[in-house]
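Down below is the structure, laid out as structure tokens.
The values are calculated or read from the model by the stated rules, or taken from the named source; none is laboratory data. Everything numeric here is computed off the predicted structure, so don't read it as measured data. Because the Cβ atoms are built from the backbone with ideal geometry, glycine has one as well, and the counts that use them run over all protein chains shown. With ligands, DNA and RNA removed, areas are computed over all heavy atoms of the protein, side chains included. Shrake-Rupley method; radii C 1.70, N 1.55, O 1.52, S 1.80 Å.
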Amino acid sequence: MPGQSVSQHETLLLSKAYIHEPIPVAAFLPAMRKVFLALDRGELQNPSVGHLKGDGGGVHVKAAAGVERFGKIVVKMNANFPGNPARGLPTIQGVVALFDARSGELLALMDSIEITARRTAAVSALAAQHLARAGSDRLGMIGCGMQALYHLEALRGAFALSHVACADVDQRRASEFARQAQSLGLSVEVATTAAECARTADIVVTCTPSTAPILHRADIAPGCFIAAVGTDSPGKNELAPDLMAAALVVPDDLAQALEMGDTHHAVRAGAMTPESIHAELRALVSGRAAGRTSPDQLFVFDSTGMAIEDLAAADLVLAHAVRDQDAVRFAFDAGM
């Protein structure tokens, strides 16, 4: 059944704070599982990503449609400007627009930062459930910005984490993340390098804006699971080709990963071919492909971020907001 709708001619305007408060991070994991199952059944449209270059950054546009499953179309426009923190601005700014798939009505405009952070962390946890060792309790977090906290919360919901190592080029950011992880009762270590952070981890998350590899094969222990989250545009690169070649690689979407993921860089370097990937995430979720079958397997989840994830996350938020009389509503055609 498609999700609920707002009344005719009204658009919900949902801020980052509004999305953050009422819906727990744990609610996004089952939503991601369902949307990848729907993708595997061929029920969704997920066209290629559009990239527009700016001065020192750019905007990417992602869209997806689920006419029967959701009754919605989503379009997300995200601006990514890595130099923004020096200006006192967030690196990523953007908006998610949710439309009725049958009437074209604009149902909601939502802050994209919160939607992106929630769904990205939930998808990493979903991949980890299939690809990480069941007893994984040591997390390596490389890049300690906003995504790091959401990943910590999502992965704590899926694994009995006891220890977190973290690293960031900004030592203050790493220290703040460590403080927050300690407040959750975890043992925490602030590493000086990405390699040091990853070396003894069961699960590694990379969420940096790096344009050159920060991890190589020699940095990773056998049996590790890596969620490579930061390489979400063609110019970014976190994992070296030798690491990708040694791993069983699972992209969220192969076509997209060949354009903008760490898979893209490994294939260009001749370290792997499109045919050498293990499987796409949708095949693991549906059971068409096997996940981990031995403790020493090294897995990389190449997470480039799919619009179907935004569709599922936005629909989850909308279902709450339409029942909330305090949610902000706006009529764009008022006065006509």
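Some notes on this structure:
- Derived scalar couplings ³J(HN,Hα) [the range 143-154; Karplus, 6.51 cos²θ - 1.76 cosθ + 1.60; whole Hz; x for Gly, Pro]: x, 10, x, 4, 4, 4, 5, 5, 5, 4, 5, 5
- For the range 105-154 and the range 246-288, distance of Cα centres in Å: 19
- Binning the C-alpha pair distances of the range 239-336 at 5 Å intervals from 0 yields a P(r) profile of 2, 12, 17, 16, 13, 9, 6, 7, 6, 6, 3, 1, 0, 0 %, listed from the shortest bin outward.
- Surface composition of the chain: carbon and sulfur atoms hold 55% of the protein heavy-atom accessible area at a 1.4 Å probe.
- Proximal charge balance of LEU186 [Cβ under 12 Å; K/R count +1, D/E count -1]: 0
- Phi-derived couplings, Karplus 6.51 cos²θ - 1.76 cosθ + 1.60 at θ = phi - 60°, listed residue by residue for the range 44-51: 10, 9, 9, x, 5, 7, x, 10 Hz, with x used for Gly and Pro.
- Each Lys or Arg adds one and each Asp or Glu subtracts one; over the other residues with Cβ under 11 Å from the Cβ of ALA108, this totals -3.
- Cα gyration tensor shape of the range 173-315, rounded if a/c is under 1.5, else prolate or oblate by comparing a/b with b/c: rounded
- Across VAL169, VAL250, VAL25, mean-square fluctuation computed from a Gaussian network of the chain (C-alpha pairs under 10 Å connected) peaks at VAL169.
- Computed over neighbours whose Cβ is under 9 Å from that of VAL75, the net charge equals +1, Lys and Arg +1, Asp and Glu -1.
- Identified option (computed Rg/Rh (Cα atoms, Kirkwood Rh); candidates (i) 0.99; (ii) 1.21; (iii) 0.96): (iii)
- In this rough spin-label picture, where each label sits 7 Å from Cα along the Cβ direction, the SER175-LYS53 distance is 3.9 nm.
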